[in-house]
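Everything on this sheet refers to the single structure shown next.
The values are calculated or read from the model by the stated rules, or taken from the named source; none is laboratory data. Quick caveat, the model's predicted, so the values are computed rather than measured. In this analysis, Cβ positions are derived from the backbone assuming ideal geometry, glycine residues included, and neighbour counts consider all displayed protein chains.
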Amino acid sequence: MNEKLKIMDIFALGFMTFAFFLGAGNIIFPPQAGFLAGEHTFSAMMGFLITAVGLPLLGIVALALAGGNWKGLTRDLPAPVAIVMAVLTFIIIGPAFAAPRAGLVAYEMGAKPFLNAPGQFELSIFSVVFFSVAMIFSLNQGKLIDTIGKWLTPILFLGLSILAMAVFFSPQGEIGPAQGVYVDQAFSRGFLDGYNTMDTFASLMFGILIVDVIRKKGITSEASTCRYLILAGLIAAAGLAFVYIALFYLGATATNLVPEASNGGEILVAYVLALFGEKGQIILSGIILLACLTTVIGLVSACADYFSSLTKLGYRRWVVILSIICTVVSNIGLNQLISLSVPVLFALYPVAIALILMTFLRRFMPNPAFAFRLVLGVSLAFALFDAMKIAGVDMSILSGLPLFEYGMAWLLPTCVAIFAARFMGRFIASPCPG
């Protein structure tokens, strides 16, 4: 059997991966961060690129090293814990937050500007149509690389490239002053802003889906699958970095256009109108709709693929169920959905980071089972403190914790746990499996 993909198929695979990642949060959060960071845009952007590009890429590589599946990634954890982690991750990145958010951004920026008097009825109709289209694409799982990688993504990337070039060659103002926490905490704030993309979670989901797509192309060996998965991740990471840098610069030079901007979507709309006039709104709407649609297709497909492996319901039935749930959830409103998701992200994102990091460090651990359980447990415990603070709970009693004021109380204890696992693990009996 042929164990090689054609060059065009490799790029199509990379473009498909890029399209899966590039969704709602990836487009609306960077302009807002750049707008607020102003003169400190570079520092904020570096922090953002770590969590929104670097960590997702590491997630894909870690998944490749673990055999391309969740079971391999979590083999050192008790089976029930691994399943709970997977289910929570897939729910958060799928029907609970990320997929409905993508649909809402598609409505707010892709359809709403063209409606005379948009209300709840219009949102409901759009949600039904949007998630129905995503469902149709998702039902044809074997054709994802052809429909998305070879057709939809090149169109999306072309539109984004035109916008990026226009931003770089024709900025609409000077870089403004830093605002709020970005004055003193630009890097750490940018790092935390990257949580909003949810792409570290998504990398663990999409990596599994991409492995399935690779195998449906006739690649059976683990070495070849791992190589193509990493190549797809590198192509996607390069594309994402290009888009983020352009959007950060767009936001940083938009101060004169929208001095009182309240969100990244407003900044983006104003900038596109300034660059391209009223026709720019059509261009932007097309970009947003395509970006959100390809992401939802990836999210629904990945969730359906995983949940069908846990239950007796098949992949296609799960696609339908998840599409219906996403339609319903998307009707609660964008601001409410974002406000609900942030504390959850602060609680679980560090655990995902720890899981990825430990996958790379596993070979250096004398007792991997003990190491994974210790490090992930510590990261979760301290991340919950950050989550409660961001949710409005008075956590001033813990203000003395290192990096607590930056929203990263989990970081130092997690590093200490890694060192403890490395040097103490040999003296600890291995936990019983399962």
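In table form, for the structure just shown:
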read-out	value
For Ala164: the one exception among (1) under 30 Å from Gln281 (Cβ atoms); (2) over 22 Å from the mean Cα position of the chain (by Cα)	(2)
Counted residues, the range 331-384 - those being in contact with a Pro (Cβ under 8 Å, 6 or more places away or on another chain) and not hydrophobic (A, V, I, L, M, F, W, C)	3
One residue from Met85, Met109 being of a type in the set (A, V, I, L, M, F, W, C) and either more than 27 Å from Ala352 (Cα to Cα) or touching an Asp or Glu at 6+ places or on another chain (Cβ under 8 Å) (or both)	Met109
Flag for Tyr315 being assigned by TED's automatic domain parsing to the domain that holds Val84 and closer than 26 Å to Leu104 by Cβ	yes
Residue tally, condition closer than 30 Å to Leu139 by Cβ, at pLDDT below 85 and under 18 Å from the mean Cα position of the chain (by Cα), over the range 319-346	7
Check on Ala352, part of a helix (DSSP H, G or I), over 15 Å from the mean Cα position of the chain (by Cα) and crowded, with 21+ Cβ neighbours inside 10 Å	no
Matching entry among Val128, Val81 (being within 21 Å of Leu337 (Cα to Cα) and more than 21 Å from the chain's Cα centre (by Cα))	Val128
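Residue-by-condition table, conditions (1) outside any helix (DSSP H, G or I); (2) closer than 23 Å to Val61 by Cβ; (3) over 24 Å from the mean Cα position of the chain (by Cα):
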| site | (1), (2), (3) |
| --- | --- |
| Leu348 | no, yes, no |
| Leu357 | no, yes, no |
| Arg362 | no, yes, yes |
| Pro366 | yes, no, yes |
| Phe382 | no, no, no |
| Met388 | no, no, no |
| Asp394 | yes, no, yes |
| Val416 | no, no, yes |
